[in-house]
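The values are calculated or read from the model by the stated rules, or taken from the named source; none is laboratory data. Remember, it's a predicted structure, so these values are computed and weren't measured experimentally. Neighbour counts are summed over all protein chains in view; Cβ atoms, including those assigned to glycine, are modelled from backbone coordinates with ideal geometry. Side chains are part of the model used for accessible areas, which takes the heavy atoms of the whole protein and leaves out ligands, DNA and RNA. Shrake-Rupley method; radii C 1.70, N 1.55, O 1.52, S 1.80 Å.
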Amino acid sequence: MPSSPMPPIRRGKSAIATALTLSSLVLASFTLNEDYQGSLHTPANNEQYDRQLLEVNSSIVNEKYSTLQDINDIDQSIERRAKATASAYKCDNMLLYLPDMDHFSAHGHGSQINTYIVSVLTGTYLNRNVLILDPPNDKSSYAGASQFGCPVDAFEENQMQSKASSSDSWQVKEDFPGGLSRLIDQPTWLSGGCPIPCADTYTYNDWVRFARSPTAFKSPITCIENGQTVNVIATSGRGVRNYFNSLDQFVSSEGWAMKLGATSDEAKIFSTLSGTQMWDYAVGLMNKAGFMRLQPWIARDVEVFIQSFGLKDEAYDAIHVRRGDKLIKEARGQVMRYWSSRGHQGVAPTNYIPFVHYLDQFKKAECPVNEHGEVERMKRIVYVATDDPVVVKKEIADLPHHIDESTILWNGCHELSFYF
């Protein structure tokens with residue numbers, strides 16, 4: 001019986017939403033900041049970068065930047081079938097996810113995306129279409145109506161072309177996606193192609209009130225649309241997390257698998273699984289269906305950004321160096337254990353684990369030796385995503401065996417070129 005290849009992910013129910021976290025954090029690091037400029041591979045001219053964005057049409061997008069998977073691993077027929085079979089009469093059971101509620105949009109990008117993944121798994125488990133409801137742009141707590149920034153497409157065309165208009169006077173288009181939808185293009189295989197339900201009956205504030213109810217999952221909201229009763233569960237980030245964690249056991253079923261884009265054979269396999277194998281298979285199905293899909297302006301801006309500082313279109317390593325607020329509490333124990341293992345008791349030399357530790361994964365034992373007994377060099381591109389770029393760049397500058405200002409020779413054979 002055929003089966004789908006499953007991606008390796010961390011084990012356990014509480015961690016099933018980690019499959020995309022690192023990629024999402026790398027994506028989130030594509031934010032221009034003066035601190036990122038320097039001698040290493042970084043965009044050197046912000047004005048030139050901005051001009052490139054203005055010249056590129058967001059409707060012309062390299063598909064490989066539209067998802068976090070290799071596009072060759074995605075079954076495009078899943079979305080095509082969903083669009084072909086979408087019908088208002090299939091929009092009678094929905095889970096409405098409100099990602100901005102109760103300041104959840106202020107969480108880290110990884111946390112927000114993980115919770116969105118939980119909403120997808122929960123909604124499909126309950127046999128519901130999953131929709132995202134962000135606040136109206138004029139009600140957003142963010143100046144640009146989204147925590148994920150403002151692409152040039154967000155503004156009225158006459159504002160972009162007028163030299164007289166200042167950024168203070170620019171207005172985001174009324175119908176331009178805001179909130180989490182500024183980042184995520186919800187696929188039809190999840191939404192069913194359904195519009196926001198009960199739009200003539202309930203406002204955004206009404207849905208916020210429903211989502212705050214302690215019985216939100218037990219007592220769905222109903223209204224009449226297209227002559228049928230529409231049943232809606234409204235939930236926030238905190239609400240869907242609490243519900244997910246409250247369930248003692250998730251039971252696999254063919255129906256759940258079909259909601260995740262499975263074929264009939266895959267659905268039968270899925271229905272026999274439990275525990276870790278079930279979660280691995282569920283995430284594998286989501287990846288095969290092309291989860292998660294990024295908005296075209298995100299894909300375009302990522303491509304232009306990468307081109308602007310010369311990151312080669314080939315395989316590369318990625319290192320995420322998280323410091324910042326994590327050093328206050330969550331990572332403090334790891335930092336102290338690191339320095340203690342190196343003979344430092346009490347006061348540590350730094351309040352973080354140095355960058356050189358991350359490079360230990362490039363082992364000397366991996367160095368290839370040719371037929372003459374000579375060690376051969378292996379060139380590697382290393383993308384560094386960090387919230388502490390100034391310090392990390394200085395750490396790299398202080399490393400030995402520099403080939404040039406952005407490249408070092410590590411452990412005798414690893415030729416590491418760093419990009420930020």
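If you sort the three axes of the alpha carbon gyration tensor as a ≥ b ≥ c, you get a/c of 1.5 or more for the range 122-261 and a/b above b/c, which makes it prolate. Residue-wise HN-Hα couplings along the range 94-99, as the Karplus relation 6.51 cos²θ - 1.76 cosθ + 1.60 with θ = phi - 60° gives them from phi, are 9, 10, 9, 9, 9, x Hz; Gly and Pro carry x. Working note: Karplus 6.51/-1.76/1.60 with θ = phi - 60° gives the range 176-190 the couplings 7, x, x, x, 5, 5, 5, 9, 9, 9, 4, x, 5, 5, 9 Hz, where Gly and Pro are set to x. With θ taken as phi - 60° and the Karplus curve 6.51 cos²θ - 1.76 cosθ + 1.60 applied, the whole-hertz 3J(HN,Hα) list for the range 65-76 is 9, 8, 9, 9, 10, 5, 4, 6, 8, 9, 8, 5 Hz, x standing for glycine and proline.
Quick check: at a probe of 1.4 Å, how many percent of the accessible area of the range 230-270 sits on carbon and sulfur atoms?
Roughly 45 percent, rounded to a whole number.
Antiparallel DSSP bridges in the range 291-420: what percent, to the nearest 5?
Once the DSSP bridges in the range 291-420 are tallied, antiparallel ones form about 40 percent.
Its Cα centre serving as origin, the range 268-341 has a Cβ charge dipole (Lys and Arg +1, Asp and Glu -1) of approximately 340 debye.
Excluding same-chain neighbours fewer than eight residues apart, the aspartates and glutamates reachable from K90 by a Cα-Cα span under 13 Å are E225. The H on the amide N of T67, modeled in the peptide plane, is under 5 Å from the matching H of L294, each at least 5 residues off or on a different chain.
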